[in-house]
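Here's the structure we're looking at; comments come further down.
Nothing in this text is a laboratory measurement; each read-out follows from the coordinates by a stated rule. No experiment lies behind these values; they were computed from the predicted model shown. Here the Cβ is made from the backbone with ideal geometry for all residues, glycine too, and neighbour counts use every protein chain on show.
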2 protein chains.
Amino acid sequence: MRATLIYGAGDVRVETVPDPKLVEPSDAVVRVVRACVCGSDLWPYASLPAREHGRPIGHEFLGVVEETGADVTGVRRGDLVVAPFKYSDGTCEFCREGLQTSCLHGGNWGEPGVDGGQGEAVRVPQADGTLVRLPHTEDEELLASLLTLSDVFPTGHHSAVTAGVSKGKTVTVIGDGAVGLSAVLAAKRLGAEQIVLMGRHPARTDLGREFGATDVVTERGEEGVEKVRELTAARGTHTVLECVGTLPAFEMGLGVVRPGGALSRVGVPQYPEGPIGRPVFLNNITITGGVAPARHYIPELLPDVLEGRYQPGRVFDRTVGIEDVPTGYQAMADREALKVLVAF
Amino acid sequence: MRATLIYGAGDVRVETVPDPKLVEPSDAVVRVVRACVCGSDLWPYASLPAREHGRPIGHEFLGVVEETGADVTGVRRGDLVVAPFKYSDGTCEFCREGLQTSCLHGGNWGEPGVDGGQGEAVRVPQADGTLVRLPHTEDEELLASLLTLSDVFPTGHHSAVTAGVSKGKTVTVIGDGAVGLSAVLAAKRLGAEQIVLMGRHPARTDLGREFGATDVVTERGEEGVEKVRELTAARGTHTVLECVGTLPAFEMGLGVVRPGGALSRVGVPQYPEGPIGRPVFLNNITITGGVAPARHYIPELLPDVLEGRYQPGRVFDRTVGIEDVPTGYQAMADREALKVLVAF
């Protein structure tokens, strides 16, 4: 099959690799129908040291089950399924609590011995715990929205849930990437009253407004903080959804969170230490979030996507075939594309 | 009147100062019956630069109302009242939400123009929002327990509440000072199943066991983390109540918190930055807590104290008169006393 491998910063290649086969009785093999490139794929694309052997990449896909191991009972050949961005057994103590990202027998796509998501097929470990069945559809827009259930929509939702977004709450979303826009959509869905989107790319913030942002702040740093405070009677917002992962984004988040409020991080932090001293303490600020247990949220989000009430797939603004995945990476790295869909 | 002033590190004096008088119509004057020395008083006692004029100190007291301003309706002359460790108006948006520590018209005992709590009398600003009426009692033990409502018991409670302690949860309490022991008591009261107390002073950890600790870990740092993990099937505890405020205590807390769990800080952080990078993110750890809105919690905790179900006043292991307050500071700084009560 054809699959995407990363060889180092700026070096993503599509190559022929062995077709996946069942290894464990709990495996399934899924023929990929849609995959995509994640903002977090851009971190290795920016900085991975060059390596002799390529590493499979990609962690978001939906497709059709081709084969199942003897122990698999939840899905069968022919089912359309979506995979969350980590696999998990669905039965360990963490999975039962809804924290599948800490599954005792789970892991990551593309790790040694495991396929990446940006290829024609994937061996799915722990298929019963990992995969979620979907109704069959050939609706392009619906397929795109269903694909977001693998990562970006549940990630935005996780930021909103952990921050405590609910009816009447005020929200600042930091970042107008696909996760930030998904966080806007998730906050709207949970009933937020005011959603301030901090971002500076008009095409993205325009989509943010359609997703529910009530205000857009294009300034950053101190100026950005000042603008949000102007919009919130100098208080800041009850919740801040930090969807970037850099230290300046985190610091800006602390500047706009209301006393007693919460800052949730869903952008992978690119900093080992952060300012969590007295101002955070004296204002009773909670710092929360983390890697989203997408698998936990899919059953909750799926009906709203299937019935068209929310269309998170609108974050995709470019579609490529498998051979053009490297072009898709470059387009996202150059900020020419917001999020790139891969259609097979 | 006689009152306690701090002139710098190690220099606490009891002096005669003017008797407090009503200034604002929302004031009350309270004749102090019981006060005490707080662990947080030991920070300036350790490090305050020497100053020419003493600053009033102390922020925990209960006493009898002597006089009230024209606008005060909630308390009257002769009432026994307890004051939380910050004053607050009770009506602003933060007070209405239960975050009186962020009151828009509140402040701190001992700040310019405001009496400290370790003196014979106190002018209480915003008396209606600040003071809570108590039934009269001359029971020494009850008075001690009621006094803890001004700070240490609600502070322990705040750590447990913000961390999400509830029936069946596992808890690590870091620190065997008065706040740590109060956190043990609060966690027990909220139904925690396992309470691991990290501390190394046998008299204190013994009281911790009486308050509800199921395990005591005397080791610190990596060794301490290892011990807690041994006690928790290598998982750590759902919640960690960090009652010290130093960076090593915070780091130890991160080492013993279970994935998906929460670390609540109620020791004033003595560090401007902390390690909140990928391990915190990948394990979905929430960092919460802060300065406790004691005023918010008093009505909830009061019945349990009045009816003797909980006796937080057992943290007091020494009583002094006003003239011996400096001795009390030294005894606490030397760790000869856990917490010093001042009786008038």
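Hey, does the range B:222-245 have a residue that's of a type outside the set (Lys, Arg), touching a Pro at 6+ places or on another chain (Cβ under 9 Å) and surrounded by fewer than 21 Cβ atoms within 10 Å (Cβ to Cβ)? No, there is no match, as no residue in the range B:222-245 is of a type outside the set (Lys, Arg), touching a Pro at 6+ places or on another chain (Cβ under 9 Å) and surrounded by fewer than 21 Cβ atoms within 10 Å (Cβ to Cβ).
Restricting the search to strands (runs of 3 or more DSSP E) fully inside the range B:246-344 and requiring at least 1 residues that are within 14 Å of chain A (Cβ to nearest Cβ) and crowded, with 23+ Cβ neighbours inside 10 Å gives B:257-265, B:286-289.
Given the residues A:Thr101, A:Thr91, A:Thr16, A:Thr68, which is the only one that is touching a residue at least 40 places away in the same chain (Cβ under 8 Å) and away from chain B (no Cβ under 14 Å)?
On inspection, the qualifying residue turns out to be A:Thr68.
Residues in the range A:331-344 that are in contact (Cβ under 8 Å) with a residue 40 or more places away in the chain and of a type outside the set (Phe, Trp, Tyr): A:Met332, A:Ala333, A:Arg335, A:Leu338, A:Lys339, A:Val340, A:Leu341, A:Val342, A:Ala343. Scanning the range A:64-100 for residues that are touching a Gly at 6+ places or on another chain (Cβ under 7 Å) and among the basic types (Lys, Arg) turns up just one, A:Lys86. Residue check: A:Gly116 meets all listed conditions (1) buried (at least 22 other Cβ atoms within 10 Å of the Cβ); (2) within 30 Å of B:Thr288 (Cβ to Cβ) but one, namely (2).
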